[in-house]
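The values are calculated or read from the model by the stated rules, or taken from the named source; none is laboratory data. Keep in mind that what you see is a predicted model, and the values were worked out from it rather than measured. Reconstructed Cβ throughout: ideal geometry from the backbone, glycine too, with neighbour counts over all protein chains shown. Quick note on the areas: whole protein, heavy atoms, side chains included, nothing else; ligands and nucleic acids left out. Shrake-Rupley method; radii C 1.70, N 1.55, O 1.52, S 1.80 Å.
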Amino acid sequence: GPPAHAAHVYQALLDATHAIAVDAMSALLRHSDSDPPSPPLQPPAPLSFEHTRPFLHAWFEREAEQREVARDELHRLSGWSYLSTAEFRSLVADAVHRLNPPIRDGAFIYELGIGAGAVLKTISSLHRIRPAGCDFSPKAIQRASEIFPAHAAAFRVGDIALPLSSKGGCAARAGAYSHVLSFGSLAMYLTHSEMAVALRNVAKLASAGGSVAVTHFIEADGEPKGTIVAPISRQRLRQLASAAGLTNISFHPMKYQGDRFMMTARGPRVDKSGWAGGPSPHTLPPRPTR
């Protein structure tokens, strides 16, 4: 996860912000003309600074700027530097192998939280794919666009925790992707309420019956938590995924990740867009050399 250096400099500011939020919420409940909502609003739980969006944004922006990293080591730009290149490739391959239906040549694949493109680059060494994705880091999107220049228009700056069509959202085409992935971003850096929104985005992006993989969840008693913002039980995650419209939900262990686990699922059975594989901004890349 992100380094913790300099976090102490900002902790006092974070504590003060939390106190202001609690005072404001208390005043709102005291002076409201209506009854308090049921269940009553609870003040936000304090988070360490390294779990806040500004810290994560600055960290990923800084990582994406590293130019000495080779293209087969892009995982080092998205927080996976503790894994060797071989281990990262094996981790990704094992995760995508669980997709049902599986990835075939020519598949449209969307990743929420693409980072510098390490996961899609690894998949593209195994299959000819039409990649797309979003990330809240402009510099990460720039790096991913450099890795996949023929598909640069399919990579956009956007927050996966906002609805697709909202301002600041990922603005991708609903129902257009046979496979939708989130490799760490959805599970590690969002609260449960944000996960619910992001899972709805996953369901909207997936074509009818398309396959889904979301990795790096952890339960409350699991280790290592690292920078995971909100541990979640499998039962609660199943509820959120089902409410989002996902089907065939299953959970799986992950290589090299301790107690962390991943979820696979299928997209909603009803096509949301009428999309049937017509004109697309993507082009099929050359078959990779093996």
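Taking the residues in the stretch 237-247 that are crowded, with 16+ Cβ neighbours inside 10 Å and not in a helix (DSSP H, G or I) as candidates, determine which candidate is nearest to the chain's Cα centre (by Cα). Even if it seems obvious, please write down each step before you answer.
To start, the set of residues in the stretch 237-247 that are crowded, with 16+ Cβ neighbours inside 10 Å comprises 237-238, 240-241, 244-246.
Right, trim to not in a helix (DSSP H, G or I) and you get 245-246.
On the way: Gly245: 18, Leu246: 16 Å.
Ranking the qualifying residues of the stretch 237-247, first place goes to Leu246.
Suppose the filter is among the aliphatic types (A, V, I, L, M) and open to solvent by 10 Å² or more (accessible area, probe 1.4 Å); does Ala140 pass it?
No.
Of the numbered conditions (1) under 22 Å from Phe60 (Cβ atoms); (2) open to solvent by 10 Å² or more (accessible area, probe 1.4 Å); (3) not hydroxyl-bearing (Ser, Thr, Tyr), Glu223 fails exactly one; give the number of that condition.
With respect to (1) under 22 Å from Phe60 (Cβ atoms); (2) open to solvent by 10 Å² or more (accessible area, probe 1.4 Å); (3) not hydroxyl-bearing (Ser, Thr, Tyr), Glu223 is out only on (1).
Any residue that is assigned to a strand (DSSP E or B), touching a helix residue (DSSP H, G or I) at 6+ places or on another chain (Cβ under 9 Å) and not β-branched (Val, Ile, Thr) - is there at least one of those in the stretch 219-236?
Here is the first cut: in the stretch 219-236, the residues assigned to a strand (DSSP E or B) are none.
No, every residue in the stretch 219-236 fails to be assigned to a strand (DSSP E or B), touching a helix residue (DSSP H, G or I) at 6+ places or on another chain (Cβ under 9 Å) and not β-branched (Val, Ile, Thr).
Please work out which residue is modelled with the highest pLDDT, limiting yourself to the stretch 173-200 and to residues that are farther than 20 Å from Ile228 by Cα and of a type in the set (A, V, I, L, M, F, W, C).
It comes out as Val180.
Based on what the data block shows, is Gly79 within 15 Å of Ser182 (Cβ to Cβ), modelled with pLDDT under 95 and open to solvent by 10 Å² or more (accessible area, probe 1.4 Å)?
Taking the combined requirement at face value, the residue satisfies it.
Give the stretch 53-76 a look and list any residue that's touching a Lys or Arg at 6+ places or on another chain (Cβ under 7 Å) and open to solvent by less than 50 Å² (accessible area, probe 1.4 Å), or say none.
Glu61, Ala64, Val69, Leu74
Please go through the stretch 153-170 and pick out each residue that is surrounded by 15 or more Cβ atoms within 10 Å (Cβ to Cβ) and either touching a residue at least 60 places away in the same chain (Cβ under 8 Å) or hydrophobic (A, V, I, L, M, F, W, C) (or both). Even if it seems obvious, please write down each step before you answer.
Start the filter on the stretch 153-170 by keeping residues that are surrounded by 15 or more Cβ atoms within 10 Å (Cβ to Cβ), which leaves 154-164, 169-170.
Once the filter is applied, which keeps residues that are surrounded by 15 or more Cβ atoms within 10 Å (Cβ to Cβ) and either touching a residue at least 60 places away in the same chain (Cβ under 8 Å) or hydrophobic (A, V, I, L, M, F, W, C) (or both), the stretch 153-170 yields Ala154, Phe155, Val157, Ile160, Ala161, Leu162, Leu164, Cys170.
From the list Ala203, Ala265, which residue is part of a strand (DSSP E or B), at pLDDT 95 or above and aliphatic (A, V, I, L, M)? Break it down into steps so the answer makes sense when it comes.
Working: Ala203 fails: part of a strand (DSSP E or B).
Testing whether each residue is part of a strand (DSSP E or B), at pLDDT 95 or above and aliphatic (A, V, I, L, M) leaves just Ala265.
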